[in-house]
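Report on the following structure.
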Amino acid sequence: MYDSGMKLLLALYFFILAVIQMGLFFGIYHYYRSQYRVKTSPYWLGSLLASVLALFIFGSGILVIDDIANPQFNFTIGNTLFYVAAALQGLFCLSLNKPVSRFLKVSFVVSTIAFFIVFEWMRGACTFEIRTAFMCIIASIFYIWQILEIKQKRREEPSSQLAYMQYASSAELFFALGRLFIVVASSFTIRQVEQIPQILILFTITQLVMNTLSYIAIGGYWSEKIAFANAESRHENEEIKSLLQEREALIGSLLKANKTASTGALSASIAHELNQPLGASSLNIQFLQKKLTQGDLSLDTHKEILETLLADNQRAANIIRSLRSIFSEGDATNTEIEMGDLISSVLSIAKPEIHSKNIQAVLNIEPSLALNADSSEIQQLLLNLINNAIQALVAANRAHKQLAITALKDGDEIEVSIADNADGIPLEAQSHLFELLATNKQTGMGLGLWLCKHIVTRHGGSIRFEPNEGGGAKFIFRLPIYPRGG
């Protein structure tokens, strides 16, 4: 009766510790699985799982064991799992300081197999005292290894949880050596459970409790790591948010600067174009004043002069209106716009340059090409590409210079191509045309094509370059009629 009660009590100790460690394992596993920044070590989780299985096997084995000197096969499995748990915990401590090499991983597998074979032999050939001493020596080696690795890690990274684990490992070492001393000092062979000295049971259970505390300390250590990582993540998110805001402000400035640069390249022609209607208006006003002074102003002449003044004024107003739409500083908002109208407004700015340089503009624009987009940005996109084509044609030594603009609907997208028959773009420059600060022109900041891609991309479209047939360059961009997800 005493023997059965002793077995039940010992088994209960093992089961309680197994349940505690199992709860720790599942709690940690589900918690850390949700973490993407800090992942727990597989060596530690593997060690904890092996320890749980070993405790359950030992607890079950104690209930049915008859002769401790000749235990069942399940004790070989249980002790092998304890070996695996100790070895993996040692590898975990090593991984805190450096990566675990492939050699050590292979050595762990080989040593586990060797331990299983040796202990299975010892199960039938050796006494309880020899097997216990053998396990205490191996455990003590692993505990010393763990203590040394943790000590080294604490010098680099002070941590209260690592300190607790070091203390727990030191206590495990103390009780393992105590068990070794007890079995070596005993003068008789233990064959029944009731023959096990109470001090040996106390040391064994306390060693397992210390082992459980070391697992808890490791869990606390990873909780520290996650807390630090989360705090760092919040700080990084704030920095990223600030950088994104700065990026948007910078891009806004670049868009404005590029508008000025692109339109500035046409400023002389624009001034010339404005001078023509203003000069004509001045001459007509002088003529009207002369006729009024002489009193020789017929109704037909009066009407003709006024119609001419109105036409010249409208012409100048149209040019100014196009420029104002290009330089408007309104917020970037998507509205329904007509692609043909945008192309016409940009061409009205470039028209003087096109005429003065004898460039033939060929348009093939389908009617009713409506889409939802930001009018100012699409105007700038067109202005950049048309201005690039004009500059290339001005620099080209060709008798016949042509600028071809095509716009058509293709499914749920609008495709616009702007082509010239100039000298084209060097092959080495084609691969990085849309990169920031990349330019193949003698003047310019290298912003235009990068901004074109930025505008097209954030409207959910695409842009590409193709060599034009017969020489020159062709830029093609596609924009969705409705923004993605809009």
Report, ordered by chain and residue number, the aspartates and glutamates lying within cross-link reach of LYS351, taken as a straight Cα distance under 17 Å and ignoring same-chain residues fewer than 8 apart. GLU273, ASP312, ASP341, ASP420
Electrostatic dipole magnitude of the range 337-433 [Cβ: Lys, Arg +1; Asp, Glu -1; Cα centre; debye, to 20]: 580
Full-extension gain in nm, GLN430 to ASN372, via 0.36 nm per residue minus C-alpha separation: 17.8 nm
Spatially proximal aspartates and glutamates relative to LYS225 (Cα-Cα < 15 Å; intrachain offsets below 8 disregarded): GLU156, GLU157
Label-point gap, in nm, between ASP423 and LEU292 - each point 7 angstrom along Cα→Cβ: 5.6
Highest-first arrangement of 41-51, 388-398, where packing means the average Cβ count within 10 Å: 41-51, 388-398
Using a 1.4 angstrom probe on the protein heavy atoms only, line up HIS454, HIS432 by accessible area, largest first. HIS432, HIS454
When the chain is fully extended, how far beyond the present Cα-Cα distance does ASP412 get from ILE141, taking 0.36 nm per residue of separation? 90.4 nm
Interchain or sequence-distant (5+) residues whose placed amide H lies within less than 5 Å of the amide H of ALA473 are ASP420, ALA422, GLY424, ASN468
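Before anything else, pin down the relative contact order of the range 121-191: Cα pairs under 8 Å, at least 6 apart, normalised by residue count, whole percent.
It rounds to 51 percent for the range 121-191.
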Between LYS98 and TRP121, the two model label points (7 Å from Cα along the beta-carbon direction) sit apart by a distance in nm of 3.3
Pop out the ³J(HN,Hα) list for the range 457-469 in order, Karplus 6.51 cos²θ - 1.76 cosθ + 1.60 with θ = phi - 60°, rounded to Hz; leave Gly and Pro as x. 5, 6, 8, x, x, 9, 9, 8, 10, 9, x, 6, 4
Measure off 7 Å from each Cα along the Cα-to-Cβ vector at ALA396 and GLU156, then give the distance between these two points in nanometres to one decimal. 6.2
So who's got an amide H within less than 5 Å of the one on ALA361, skipping anything under 5 residues away but keeping other chains? H placed 1.01 Å off N, in plane. LEU403
Table column - 3J(HN,Hα) (Hz), the range 208-216, Karplus curve with 6.51, -1.76, 1.60, x for Gly and Pro: 5, 5, 4, 5, 5, 5, 5, 5, 4
Which whole-Hz couplings ³J(HN,Hα) result when phi for each residue of the range 139-154 is put into the Karplus expression 6.51 cos²θ - 1.76 cosθ + 1.60, θ = phi - 60°, listed in order with x for Gly and Pro? 4, 4, 4, 5, 5, 4, 4, 4, 4, 5, 5, 5, 4, 5, 5, 5
Which of LEU162, ALA125, GLY178, positive extreme of dipole for the range 42-191 (C-beta unit charges): LEU162
What's the ranking of 115-128, 166-179, 338-351 by average number of surrounding C-beta atoms within 10 Å, highest first? 166-179, 338-351, 115-128
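The values are calculated or read from the model by the stated rules, or taken from the named source; none is laboratory data. These figures come from a predicted structure and were not determined experimentally. Note that we place each Cβ from the backbone using ideal geometry, even for glycine, and neighbour counts take in every protein chain shown. We work out accessible area using only protein heavy atoms, side chains counted, and drop any ligands, DNA or RNA first. Shrake-Rupley method; radii C 1.70, N 1.55, O 1.52, S 1.80 Å.
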